[in-house]
Amino acid sequence: MTYKILARDGRAKRAHMETVHGTIETPVFMNVGTVAAIKGAVSTDDLRGIGTQVMLCNTYHLHVRTGDPLIRDLGGLHRFMNWDKPVLTDSGGFQVFSLSGLRKIREEGVTFHSHIDGHKIFMGPEESMQIQSNLASTIAMAFDECPPALADRDYVEQSVARTERWLLRCREEMDRLNGLPGTINREQLLFGINQGAVYEDIRVRNADQISELDLDGYAVGGLAVGESHEQMYHILDVVVPHLPLEKPTYLMGVGTPANILEGVERGVDFFDCVYPSRNGRHSHVYTDHGKLNLLNAKYERDLRPIEEGCGCPACRSYSRAYIHHLFKAKEMLGMRLCVLHNLYFYNRMMKEIREAIEQQRFHEYKAEKLASMEAGE
């Protein structure tokens, strides 16, 4: 991997990252395909057509459904889903948080009960790395625990210390796997994850410690899980300066267009979130003039595209009235068109952000974008 900063505007950075599966221009939004597919009947050919650079898939979900050994036997995720660009796999650590009623955490790892059929699963750092190696993703995430943002301080301190120990085990296991002749992607990258809830001293101490490991990249996890936006931005203000400038920085699970603009301003490279696809499946679409709900009756006779001048497949060919009809008729095409539009909107916004940083006008761009989205139609 090579990662080169091309331009900076304040703390915002515009970078170029070369991986074994191709180039990533940052800041970048990763389209979320949890089980190797974007919800809403969107294909990898569609993703290429709307400017997607990176796809995110989930270790836990692919492990319990279909199974990583089968995906390995079929050539890894890229071949399996016909995707020739970078893939980042989440480690399964977030499920330690989201499946809190179905798991038990020990030093060795976490015992889950599958949310699909209830069978017992054990996943620790080594198992997570092995599954991600079977999936052969471009970037593997370290296995961590994501404590609730507002958790008790003593619990968070113990959790972060355990996650730090797990990170060392992840690195050791990845080094072993990347050295095996049968490994599909022997150039797999490892990103560590900063945790610490909303306790800035724990966050900073953890950031300093994991930075010493010289990993391929660093994520800030455990945000957008219960804290306010102001708390999230404050943590980024405090933590990002303690992560290596010359390595990619990833804000996990975030977020809205406004969240992304705030994150970029604080030096973040990578973002992911289910919002664009989830909202699209429920008729909510993003525009430069705010979010629209195409199920509203006022769009029944509206022959305009979702957004004038948008180059997405939906806006090039269909009207708001037609998409409104599709949702009322419960036709899947309505969901598909809205998901495509939202992902295109996010990818286009990231391109605009990169250009604004290059032109040393990111702060103006951010202010204009936020004002436009807040003003509405």
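The values are calculated or read from the model by the stated rules, or taken from the named source; none is laboratory data. In this text the structure is predicted, and so the values were computed from the model without any measurement. Please note: Cβ atoms are built from the backbone with ideal geometry, for glycine as well, and neighbour counts cover all protein chains shown.
The table below lists the values:
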{"quantity": "Tally, over region 176-233, of residues that are modelled with pLDDT of 95 or more, touching a Leu at 6+ places or on another chain (Cβ under 8 Å) and of a type in the set (Asp, Glu)", "calculated": "1"}
{"quantity": "Among the residues listed as LEU180, LEU215, the single one being outside any helix (DSSP H, G or I) and without any contact (Cβ under 8 Å) to a residue 24 or more places away in the chain", "calculated": "LEU180"}
{"quantity": "LEU62 surrounded by fewer than 14 Cβ atoms within 10 Å (Cβ to Cβ) and not in a loop (DSSP other than H, G, I, E, B)", "calculated": "no"}
{"quantity": "Any hit, region 296-312, residues being in contact (Cβ under 8 Å) with a residue 24 or more places away in the chain, under 30 Å from ILE5 (Cβ atoms) and of a type outside the set (A, V, I, L, M, F, W, C)", "calculated": "yes"}
{"quantity": "Of residues in region 313-338 being in a loop (DSSP other than H, G, I, E, B) and free of Cβ contacts under 8 Å to residues at least 12 places away in the same chain, the one nearest to ASP45 (Cα to Cα)", "calculated": "GLU331"}
{"quantity": "Matching residues in region 47-59 - criterion: being over 16 Å from the mean Cα position of the chain (by Cα) and surrounded by 19 or more Cβ atoms within 10 Å (Cβ to Cβ)", "calculated": "ILE50"}
{"quantity": "Condition met for THR256 (more than 21 Å from the chain's Cα centre (by Cα) and farther than 15 Å from SER91 by Cα)", "calculated": "no"}
{"quantity": "Test: residue in region 240-259 that is farther than 20 Å from THR26 by Cα, of a type outside the set (A, V, I, L, M), without any contact (Cβ under 8 Å) to a residue 40 or more places away in the chain and outside any helix (DSSP H, G or I)", "calculated": "no"}
{"quantity": "Residue list for region 254-289, restricted to those being small (Gly, Ala, Ser) and at pLDDT 95 or above", "calculated": "ALA258, GLY263, GLY267, SER277, GLY280, SER283"}
{"quantity": "Test: residue in region 271-288 that is in contact with a Lys or Arg (Cβ under 9 Å, 6 or more places away or on another chain), more than 24 Å from GLU331 (Cα to Cα) and either assigned by TED's automatic domain parsing to the domain that holds LYS366 or not in a strand (DSSP E or B) (or both)", "calculated": "yes"}
